[in-house]
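Below you'll find the structure, written out as C-alpha cells, and then a few comments.
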Amino acid sequence: MKSLIHHLMANPMSGEDIERASFAAIDREAPEHSFDAGQWGVARRMVHTCADFSILKDLVFHAGAVEAGIQALRNGAPIFTDANMIRSGLSQARLKAVNPGYSPASLHCHVADPDIAEEAKRTGLPRSLFAIRKAKAQLEGGIVAIGNAPVALLELNRMIVEEGLRPALVVGMPVGFVHVVESKDELLGLDVPAIALKGRRGGSPLVVATIHALAVLAKERA
C-alpha cells in the first residue's frame, strides 16, 4: 500500500494553498445564513478552526461588534484574556499588521500571577474572578477575550452593570457546564459590543480565531 503523503508530494500545496482551499470549501458548503460580510468573515474563520458548521446557529454578533472590534484593533486597544493559551495563540504579526504599536505588553492575562493565586486560595473563589478585577484599567476601551472562565465573564458583566465599565469589544466564548450559558446570556442583554457563542461550547481556539478574523478584516478594509 502506498502512503497518502505521496499524493501531496506529487501535487504540492503550500500552507497558504490549503487555507485558501479550506475557506473555499466552507463558502461552498455553508448552510444558508443571515450574516453580513463582516460577520461572515469572523464566522467562517471560526468554522475553519473547529470544522463544525453547527456553531453558526449559536453565534451572535451584538451591538455593532465587528465594526467595534476592527476600530479597537486599529486604535491598538489593549487585549485582556482569561487564559495564557489565548495570549500565546494571538499572532503578533496579525496584530502589528493592523497597528504597529502592538507588542506582547499589549496582551494581558493575570490568571497565573502569584497574588491572584493567593487571593483565590484565601477566599475559595476562582482565580479568574480576581484576574479580571486586576485588569480593570485595561478593560475600559479594551478588547476582552474570554474563552475558558465563565466566572470572569460574570464578573465583567457585573462591572459593566454596576461600575459603568465600557470595553470596546467583548468576545464571550467560555466553555463548560457551570455558569457558562447564563454568563453569555447575561452578556448579550447588555449594551456593549459583543461576539458570543451561545450554549456550552467555546474555548481558546475559537476566541483566537475571532480576533484574528477581525484583524484580517481591519487590514482588508484599510
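Rule-based calculations on the coordinates, nothing more; no lab input. Keep in mind the model is a prediction, meaning the values are calculated, not measured. Cβ atoms come from the backbone with ideal geometry, glycine included; neighbour counts cover every protein chain shown.
Filtering the stretch 168-217 to residues that are touching a residue at least 40 places away in the same chain (Cβ under 8 Å) and touching a Lys or Arg at 6+ places or on another chain (Cβ under 6 Å) leaves A196, K198, A209, H212, A213, A215.
For the stretch 112-158, filtering for residues that are assigned to a loop (DSSP other than H, G, I, E, B) and under 21 Å from I211 (Cα atoms) leaves 7.
Got a sec? Which of L95, L56 is farther than 21 Å from K219 by Cα and assigned to a helix (DSSP H, G or I)? Going through L95, L56 in turn, the sole match is L56. Quick one: is A135 in contact with a Cys (Cβ under 9 Å, 6 or more places away or on another chain), on the phi < 0 side of the Ramachandran plot and of a type in the set (A, V, I, L, M)? Judged against the criteria, A135 is a match.
The set of residues from the stretch 159-187 being over 15 Å from the mean Cα position of the chain (by Cα) and part of a helix (DSSP H, G or I) comprises M159, I160, V161, E162, E163, V180, V181, E182, S183, D185, E186. Entry remark, the stretch 134-158: residues being closer than 22 Å to D185 by Cα and free of Cβ contacts under 8 Å to residues at least 24 places away in the same chain number 1 in total. Taking every residue in the stretch 77-103 that is touching a residue at least 24 places away in the same chain (Cβ under 8 Å) and farther than 25 Å from F130 by Cβ and pairing it with any residue that is surrounded by fewer than 16 Cβ atoms within 10 Å (Cβ to Cβ) and among the small types (G, A, S), at least 6 positions away or on another chain, the pairs with Cβ-Cβ distances below 8 Å are V98/A222.
Against the list (1) under 17 Å from L73 (Cβ atoms); (2) surrounded by 22 or more Cβ atoms within 10 Å (Cβ to Cβ), the condition H212 fails is (2).
Restricting attention to the stretch 79-89, the residues that are within 13 Å of A105 (Cβ to Cβ) and either among the small types (G, A, S) or surrounded by fewer than 22 Cβ atoms within 10 Å (Cβ to Cβ) (or both) total 1.
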